[in-house]
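Let me begin by presenting the structure, written as structure tokens, before commenting on it.
Derivation of every value follows stated rules applied to the coordinates shown; laboratory data play no part. Remember, it's a predicted structure, so these values are computed and weren't measured experimentally. Heads up, the Cβs are rebuilt from the backbone with ideal geometry, glycines too, and the neighbour counts pull from every protein chain shown.
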Amino acid sequence: MHQPYPSDVSDAEWARVEPIITAARDRRGRSQTYELRDLFDAMLYVFTEGCRWRSLPGDFPDWNLVYQTAKRWAARGVLHAALGRLAPARELRLRGKFARVKHGKGESLNSQRPPQHSTIPCREC
């Protein structure tokens, strides 16, 4: 458990994204060391603050675990489906591979990204 940050999901927001994230749990037989909510809060911290993964505060799970989990969830469309439920109410700074997803009728999760960048359609839309 980490100290509360402004970027953390509220209980109501978590209720909207938890089913998506819980379904994406790693099922390779390893025990889960961190709560999924802590991992998601750490991702939101990076996306909200615009900091580097290595700059995550020490009370979050290890930055590399958070980054690898975000990468895995992004590849499966899980991260973008969860962020899509939060995006209208949040200003998220998505960079690199995390910014290349469009939702619904083409609106990008990252309004700072120029429209000419290549995009990958969201699997959940």
What is the extension gain from Ala12 to Thr33, computed as 0.36 nm multiplied by their sequence separation minus the C-alpha to C-alpha distance, in nm to one decimal?
5.2 nm
Would you mind checking segment 1-26 for residues with the amide N under 12 Å from a putative spin-label position 7 Å along Cα→C-beta of Cys51?
3, 5-7
Gain on full stretching of the segment that runs from Gln3 to Thr22 - 0.36 nm per residue minus C-alpha separation
4.6 nm
